[in-house]
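This report refers to the structure that appears directly beneath it.
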């Protein structure tokens, strides 16, 4: 049944994506705010259809921790879900994405119209330089910069290497880092077509100050908070590794 629901969701989202991407491209003749509102609508449709068709919803913990001004967001990455939810949750933001995403028909074209920080990850030195330059410019414009410190999606129960480049950006412009934990991969894992019903938890931590700290110190603080929070919210979804003892058996974060 989950496969059928996921197929229906996928087909509807193809048409929604084509419509919104076309609107974004036509919106190049209009204001950036118009294109951003179109993207917000796309995210609203996607999350609503996930809830209506697939029975997959989300809850947000710690929304009160979001600062009033622009910051660097460093989030656990397990699924496409958090990229959609954070676009709807956070204020005006700029995504740090791999350049290949811009080549995807319609989706990539719409993403390109939103001026993301698109990096060629095969050229690490150049990518790092572009991130620092473009990220600082976006923050000065009032945009939040969203990054995944492990660099890619990780499987539930696993941990990647936390890279300091996001903290380096935050330290360079002296803005705080907001750590976020999410267990989305337990319901919609990487490269999986089926979306299982349930409730994803996204937990926002207190802002981590960068004043007087090195990027390595900030990165360690981000990693410590996210991984500790993951222990609280993990182990509740059908894609949690069966070989591991389940965590958070009540399904609620403390």
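A short reminder: the numbers here are calculations on the coordinates, not readings from a lab. Quick caveat, the model's predicted, so the values are computed rather than measured. Ideal geometry is used to build each Cβ from the backbone, glycine not excepted, and the neighbour counts take in all protein chains shown.
Taking the Cα centre of each part, how many Å lie between region 77-91 and region 1-52?
One Cα centre to the other: 14 Å.
Starting from 0.36 nm per residue, how many nanometres of slack lie between residue 231 and residue 140 once their C-alpha separation is accounted for? Before the final figure, lay out each step's value.
Values: separation 91, 0.36 × 91 = 32.76 nm, distance 3.49 nm.
Between residue 231 and residue 140, full extension yields 29.3 nm more.
Compute the relative contact order of region 149-243 as a whole-number percentage, counting only Cα pairs closer than 8 Å that sit 6 or more residues apart in sequence. Display every interim value, and only then the final one.
On the way: 138 pairs, mean separation 33.8, N = 95.
Reported as a whole number, the value is 36 percent.
How high is the relative contact order of the chain, in percent, counting Cα pairs under 8 Å that sit 6 or more residues apart? Display every interim value, and only then the final one.
Numbers: 454 pairs, mean separation 60.4, N = 254.
Worked out over the chain, it gives 24 percent.
Highest GNM mean-square fluctuation, the chain, Cα pairs closer than 10 Å: which of 65, 120, 191?
Largest GNM mean-square fluctuation: 191.
Roughly how many whole Å is it from the C-alpha centroid of region 122-153 to that of region 192-207?
Comparing the Cα centres of region 122-153 and region 192-207, I get a distance of 24 Å.
For the residue pair residue 59 and residue 190, what label-to-label distance in nm results when each label sits 7 Å from Cα along the Cα-to-beta-carbon direction?
Calculated label separation equals 2.8 nm.
Among DSSP bridges having both ends in the chain, what percentage is antiparallel? Round to the nearest 5. Show your work: numbers first, answer last.
Values: 4 of 23 bridges.
Once the DSSP bridges in the chain are tallied, antiparallel ones form about 15 percent.
Order these by the 10 Å Cβ neighbour count, fewest first: 220, 140.
On the way: 220 15, 140 11.
Fewest-to-most ranking of 220, 140: 140, 220.
Kindly list the residues of region 1-43 that lie in the label zone of residue 115, defined by a backbone N under 17 Å from the point 7 Å along the Cα-to-C-beta vector.
24-40
List residues of region 187-223, by number, whose backbone nitrogen lies under 19 Å from a label position 7 Å along Cα→C-beta of residue 69.
Of the residues in region 187-223, 206-213 have backbone N under 19 Å from the label point off residue 69.
If you take the square roots of the eigenvalues of the alpha-carbon gyration tensor of region 28-179 and sort them as a ≥ b ≥ c, do you get rounded (a/c under 1.5), prolate (a/b over b/c) or oblate?
Details: a/c = 1.32, a/b = 1.17, b/c = 1.13.
Cα axes put region 28-179 in the rounded bin.
Okay, helix-only estimate at 222 nm for the chain: each DSSP H run of n ≥ 4 adds -39500 (n - 2.57), divide by all residues, round to 500 deg cm²/dmol; what do you get?
Values: 7 runs with 103 residues, N = 254.
Helix-only estimate at 222 nm: -13000 deg cm²/dmol.
Rounded if a/c is under 1.5, else prolate if a/b beats b/c, else oblate: with a ≥ b ≥ c from the C-alpha gyration tensor eigenvalues square-rooted, which is the chain? Could the numbers behind the result be given before it?
Working: a/c = 1.70, a/b = 1.05, b/c = 1.62.
It is oblate, given that a/c is not under 1.5 and a/b is not larger than b/c.
Shape of region 113-254 from its Cα gyration tensor (a ≥ b ≥ c, root eigenvalues): rounded if a/c is under 1.5, otherwise prolate when a/b > b/c, or oblate?
On the way: a/c = 2.19, a/b = 1.67, b/c = 1.31.
The shape class here is prolate.
In a GNM of the chain with a 10 Å cut-off on Cα contacts, which of 156, 241, 176 has the highest mean-square fluctuation?
241
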